[in-house]
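I have placed the structure first, in the form of structure tokens, so that the comments after it can refer back to it.
No value in this document is a laboratory result; all are computed from the given coordinates. Quantities reported herein were computed from a predicted structural model and do not represent experimental measurements. Don't worry about glycine lacking a Cβ; one is built from the backbone with ideal geometry, like all the others, and counts go over all protein chains shown.
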Amino acid sequence: MEYIHPQVNLQYTVEGKGHPVLFIHGFGENGNVFNDLQHLLKSHYKVYIIQLPGINGSGFNEKTALWNLTDYASLINDFIEEIIQQPVTVLGHSMGGYITLSLVAQHPDNILAFGLIHSTAFADSEEKIEAREKNIEFIEKYGNELFIKTTTPNLFSTQSQENLSTAIQEHIEANQYTAPEVLIAYTRAMIRREDHTALLKSTALPVLWIIGKHDQAVKYDDTLQQVYLPNISFVNILNNSGHMGMIEEPERVLNAVKEFLFYIYR
């Protein structure tokens, strides 16, 4: 389905009936990473998955190439108000979690609860900014396909790389054709994002945490510093996962999401 917006159109899917749940995917991937969760949750919830601008048919233009994550959050808020039309639980993976935090900061009345799946409220450190700048240089020099092929395996734990090679290759093939200008735009937006630890301290909304013990993109120890900040936290540690628990430990992620949603909509 397509959401027609004055600035950029979004592709999305919706399945099920009941209370609404919205998934926001991360960098270097597309919303289909949540397809299995959508299918398994649709018997009790109305599950929306959006494709962010430039991904899987969603629009992208010169203006969106300059956006900050707050701009993406505003777009998603318009989607919530026009399509979902009621407060919603939002679950974001990685960069999708950064966008979720911006959404909660700007439009808390439209959010019932939110989840950070392998994500963080911390702004980028100087070391992380330097790494992202190098990623931009790599994409500009070698292109999007080689970038995705090179970086994706590192998102998985060593154990997952050994046991899930086929799934990892399928994930690469599903995402390697994202245009380089899209990858660069999101990388720059992540560099510019603000710290949201104050939001975690002040929010009355329940927060779901899904954390990979072997996550190299969002460090395990850094995330543990944040889980105590909200008043209500549901903390789930995936002992065998890196940054991609939806693929590495899908049953545990499903159970964590179901427990959280049951609490929210009980």
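A few remarks follow.
- Net dipole in debye of the stretch 199-251 [+1 Lys, Arg Cβ; -1 Asp, Glu Cβ; about Cα centre; nearest 20]: 240 debye
- Amide hydrogen neighbours beyond the local backbone of SER233, cut-off 5 Å, H modeled: VAL207
- The residues packed around ASP195, meaning those with a beta-carbon under 13 Å from its beta-carbon, carry a net charge of +1 if Lys and Arg are +1 and Asp and Glu are -1.
- For the chain, the dipole from Cβ point charges (+1 on Lys and Arg, -1 on Asp and Glu) about the Cα centre works out to 540 debye, to the nearest 20.
- At least 20 Å along the helix axis (C-alpha) and Kyte average at least -0.5, DSSP helices within the chain: 250-264
- In order through the stretch 223-232: 3J(HN,Hα) via Karplus (6.51 cos²θ - 1.76 cosθ + 1.60), integer Hz, x for Gly, Pro: 5, 4, 5, 9, 5, 8, 6, x, 5, 10
- Arranged from fewest to most other beta-carbon atoms within 10 Å of their beta carbon, HIS5, HIS171 become HIS5, HIS171.
- The stretch 1-59: relative contact order in percent, alpha carbon pairs under 8 Å with at least 6 residues between: 44 percent
- Counting only residues at least eight positions apart within a chain, or on another chain, the lysines with an alpha carbon under 20 Å from that of LYS46 are LYS17, LYS258.
- Model label sites at THR158 and ASN231, defined 7 Å from Cα along the beta-carbon direction, differ in position by 4.3 nm.
- Sorting 181-193, 158-170, 222-234, 25-37 by average packing, meaning the other beta carbons within 10 Å per residue, from highest down gives 25-37, 181-193, 222-234, 158-170.
- Database remark: amide H of GLN216 closer than 5 angstrom to the amide H of HIS243 (H placed geometrically; neighbours at sequence offset of 5 or more, or on other chains; Pro and chain starts carry no H).
- Least to most buried among VAL218, VAL14 (fewest other Cβ within 10 Å first): VAL14, VAL218
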